[in-house]
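Okay, structure first, notes after.
The values are calculated or read from the model by the stated rules, or taken from the named source; none is laboratory data. Since we're looking at a predicted model, the values are computed, not measured. Neighbour counts are summed over all protein chains in view; Cβ atoms, including those assigned to glycine, are modelled from backbone coordinates with ideal geometry.
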């Protein structure tokens, strides 16, 4: 029974953890501008994150080594530092965006300007990082974040022309009113959002936090293989809602409040309330994940003591660095920058971090010194190499496309 | 392992980004230059209209709808700033720019009214006065939208 | 002397001809018992003709998956060899000099 | 950089096999996590100190092979990334005689708090973390 509960919680967690403020807004932007024509990217991204999250979880469970230790150990200090710099910047930018996202959702609920909610959100995130046990933190945010299923419900209530939606999804072509460059820029942004490295840092470190052993591998695999695809399903539902309501109305999404419009239209105030609850939980969960990930990456690169299973005093540098990250994030928000814009620029740093993260995972998952007989199977290796190639191409194309399209404008 | 860090590539990338940002400014108000701000404003006013419609049918809360109006007001402001920065040289360009700014400003005004009406519309559909107010701003938003639409058609932006 | 002084240095033979770079330094734990672990004895240096960058672990024969990566790294480090301590004349930060008539050994790790 | 002279494959002999465990520095030691006797992370291996000849010193024939005297950490990481050489006084040493095992991690036979390598951790613990309420309690 306890085991079953663990599986259920794990799945819920993965759903809640997959969708963050960046996914919420990017998927709605894409839906409102490209309809369903980029849904295939979400699929590709979900398969990729399943593959590598599962691999990093297996490395952590078998060898006890979290992903960034592996990165430093295999790539050495220089490439490791390049990855650390990029990943850390992504983390700080995402922390900033998520705290902004919590505040924006609270503004949507209350009408009070989001800037006033920022200190409150900051304090809440820090208190959880400081005091709350890992498993409780993960399960509560995951469970409440599940209320984002309201997007799927809303899509059904909107009674869309399913044939037309499927037609857009399978046409695999650039819509007439948008340029090919912008289409591919968003394709890479969606792919990067699905495969964002903090997910594997968090996943593998979480495996160490929860003391996973080889016998937990099955549970980890079920969590990954059900949770991430369900998260991807939510992403597509978000895009679907935007494609059904906003695209025909000539509205292209720029803010979180617009993401809520189709849900309110479909389900009224009740659906809106559930949506806001889900957004608060999802962004709060993501804020926790990214704050912890920035601590994990730094601590694992430099070999500091880390983890929420230790008292803060036993992981002093880890906790101090997370406090600094949170304060830095709020300092960025205080300049009045649009928190949603911040996530869009993190795609540039993903270009550096993605290959340098997934290559060492793939190498070490094949290393018998670490893995014993639990090394990668043939099929996983073939898929891993194919994905490494896709990641490399996406990375090389990301920055030129961003410049050419003015970040998708 | 070369004994020197690869700082040159980093600097080069940075310069490329910088130059791209610089060339983005100092455009002239052609139809192409107006396209993106006009589309942004058109999208913003439509989103606000939808929010007002939803509020009239009591599908959304006053807080959420007024937040939408407020966000859209911000979008229109940034689009207006963008058009202000365009430097018109010919008479034709000047006319086009001024028309766009006029359309934007009437939309801004309509959005402001919408936001105020939405913020005070706490009574919902049973609040007769609030409903009348909302219907009025709904009409105002529609007129402003049409003004922008006709300008966009004239300038050849679809 | 620190290891970082040697890693990445050019390797030259007795006539001053460049052979490659030091890509790794091999030790063996066989020099008599230490306090907890036996002493780490300097066995020799691994010389790679092209690059001193990491093998990512593919210097070990047991690691051969994923196949394309293994092939790529082996190809990149082809012609690498091990030179024992006895054949090293000078260890420097710019250059490591080998004695005339040094012996080149297979650099791969079998275990 | 001049092109390297190739050592032909037929000149490469089968390697002699040492009696003990074989460790390649880059592969098995450098950048590995160091854990103390209780499994608490201490640092990473940033460099390794050897006994034996000074750099650029002629090595006499038959000189005994150098041995690992200490694992190094601290500012030496910066010099590995950006080049240069730290002054010897600023090196933080973990003597080889405290090392208990080398596997996917390097394990020590002593407690982290007894090492110079953990002074930043201890300083932040007493001056920052211990002053914030709840810092020395288990998470709930």
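Computed quantities for the displayed model
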{"item": "Out of D:37, D:42, sole residue that is in contact with a helix residue (DSSP H, G or I) (Cβ under 9 Å, 6 or more places away or on another chain), under 23 Å from residue D:122 (Cα atoms) and assigned to a loop (DSSP other than H, G, I, E, B)", "result": "D:37"}
{"item": "Residue satisfying condition, being away from chain B (no Cβ under 14 Å), surrounded by fewer than 19 Cβ atoms within 10 Å (Cβ to Cβ) and in contact with a helix residue (DSSP H, G or I) (Cβ under 8 Å, 6 or more places away or on another chain), within set A:66, A:124, A:82, A:61", "result": "A:124"}
{"item": "Test: residue in region A:336-348 that is touching a residue at least 12 places away in the same chain (Cβ under 8 Å), closer than 30 Å to residue D:133 by Cβ and not in a helix (DSSP H, G or I)", "result": "no"}
{"item": "Residue count, region D:50-82 (criterion: at the interface with another protein chain (Cβ under 7 Å from one of its Cβ atoms) and at positive phi)", "result": "2"}
{"item": "Test for residue A:337: is it closer than 23 Å to residue A:292 by Cβ and surrounded by fewer than 16 Cβ atoms within 10 Å (Cβ to Cβ)", "result": "no"}
{"item": "Selected residue [over 27 Å from residue A:395 (Cα atoms) and either within 14 Å of chain D (Cβ to nearest Cβ) or in contact with a strand residue (DSSP E or B) (Cβ under 9 Å, 6 or more places away or on another chain) (or both)] from A:303, A:295", "result": "A:303"}
{"item": "Filter result (buried (at least 23 other Cβ atoms within 10 Å of the Cβ) and within 14 Å of chain B (Cβ to nearest Cβ)) within region A:85-105", "result": "A:100, A:101, A:103, A:104, A:105"}
{"item": "Residue within region B:56-71 that is more than 14 Å from every other protein chain (Cβ to nearest Cβ), at pLDDT 85 or above and within 13 Å of the chain's Cα centre (by Cα) present", "result": "no"}
{"item": "Some residue of region D:49-61 being buried (at least 18 other Cβ atoms within 10 Å of the Cβ) and in a strand (DSSP E or B)", "result": "yes"}
{"item": "Cβ-Cβ under 8 Å pairs, at least 6 apart or on other chains, region D:105-127 side more than 11 Å from chain A (Cβ to nearest Cβ), far side surrounded by 20 or more Cβ atoms within 10 Å (Cβ to Cβ) and part of a helix (DSSP H, G or I)", "result": "D:108/D:98; D:109/D:98; D:110/D:98; D:115/D:98"}
{"item": "Residue in region A:259-269 that is more than 14 Å from every other protein chain (Cβ to nearest Cβ), in contact with a helix residue (DSSP H, G or I) (Cβ under 7 Å, 6 or more places away or on another chain) and in contact (Cβ under 8 Å) with a residue 12 or more places away in the chain present", "result": "no"}
{"item": "Selection status of residue A:4, away from every other protein chain (no Cβ under 13 Å), in a helix (DSSP H, G or I), surrounded by fewer than 24 Cβ atoms within 10 Å (Cβ to Cβ) and at pLDDT 90 or above", "result": "no"}
{"item": "Lone qualifier among C:57, C:34 - being at the interface with chain D (Cβ under 8 Å from one of its Cβ atoms), in a loop (DSSP other than H, G, I, E, B) and either within 18 Å of residue A:78 (Cα to Cα) or modelled with pLDDT of 85 or more (or both)", "result": "C:57"}
{"item": "Candidates D:47, D:36, filtered to the one that is modelled with pLDDT of 85 or more, in contact with a strand residue (DSSP E or B) (Cβ under 9 Å, 6 or more places away or on another chain) and facing chain C (nearest Cβ under 7 Å)", "result": "D:47"}
{"item": "Subset of region C:76-111 (residues that are over 18 Å from residue C:17 (Cβ atoms) and either assigned to a helix (DSSP H, G or I) or within 12 Å of the chain's Cα centre (by Cα) (or both))", "result": "C:76, C:77, C:82, C:84, C:85, C:86, C:105, C:106, C:107, C:108, C:109"}
{"item": "Residue list for region A:372-389, restricted to those being surrounded by 15 or more Cβ atoms within 10 Å (Cβ to Cβ) and more than 12 Å from chain C (Cβ to nearest Cβ)", "result": "A:374"}
{"item": "Any chance residue B:30 is at pLDDT below 90 and within 10 Å of another protein chain (Cβ to nearest Cβ)", "result": "no"}
{"item": "Residue list for region D:83-104, restricted to those being within 11 Å of chain C (Cβ to nearest Cβ), farther than 23 Å from residue A:301 by Cβ and loosely packed, with under 14 Cβ neighbours inside 10 Å", "result": "D:88"}
{"item": "Residue among B:90, B:136 that is in contact with a helix residue (DSSP H, G or I) (Cβ under 9 Å, 6 or more places away or on another chain), without any contact (Cβ under 8 Å) to a residue 24 or more places away in the chain, loosely packed, with under 15 Cβ neighbours inside 10 Å and away from every other protein chain (no Cβ under 11 Å)", "result": "B:136"}
{"item": "Criterion violated by residue C:26 - all others in (1) facing chain D (nearest Cβ under 8 Å); (2) touching a residue at least 12 places away in the same chain (Cβ under 8 Å); (3) touching a strand residue (DSSP E or B) at 6+ places or on another chain (Cβ under 8 Å); (4) surrounded by fewer than 22 Cβ atoms within 10 Å (Cβ to Cβ) satisfied", "result": "(4)"}
{"item": "Candidate set: region D:1-15, residues that are assigned to a loop (DSSP other than H, G, I, E, B) and at the interface with chain C (Cβ under 7 Å from one of its Cβ atoms); chosen: the one nearest to residue A:370 (Cα to Cα)", "result": "D:15"}
{"item": "Conditions (1) in contact (Cβ under 8 Å) with a residue 40 or more places away in the chain; (2) within 14 Å of chain D (Cβ to nearest Cβ); (3) surrounded by 22 or more Cβ atoms within 10 Å (Cβ to Cβ); number of the one not met by residue A:316", "result": "(1)"}
{"item": "Test: residue D:41 is more than 11 Å from the chain's Cα centre (by Cα), within 17 Å of residue A:301 (Cβ to Cβ) and buried (at least 23 other Cβ atoms within 10 Å of the Cβ)", "result": "yes"}
